[in-house]
Amino acid sequence: MSQNNKGIFEKAFGNEPVRLLGIPQMIDDYNCHKTEVDRFDQTKAYYSA
């Protein structure tokens, strides 16, 4: 870890090696469903319209 990032990490994590951080629901939904779009695009590429 660079010295520039050390202060940022210490502020967020303190002395804890691991800390659970919340994420916005919109980002969680995107991460959960992005593979569905990838599968659709891959399947669509097999067939010409």
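The values are calculated or read from the model by the stated rules, or taken from the named source; none is laboratory data. Computed from a predicted structure; not experimentally measured.
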> Of 38, 29, which residue is acidic (Asp, Glu), part of a helix (DSSP H, G or I) and modelled with pLDDT of 85 or more?
Replying inline: 29
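Do we find that residue 7 is among the small types (Gly, Ala, Ser) and assigned to a helix (DSSP H, G or I) in this structure?
yes
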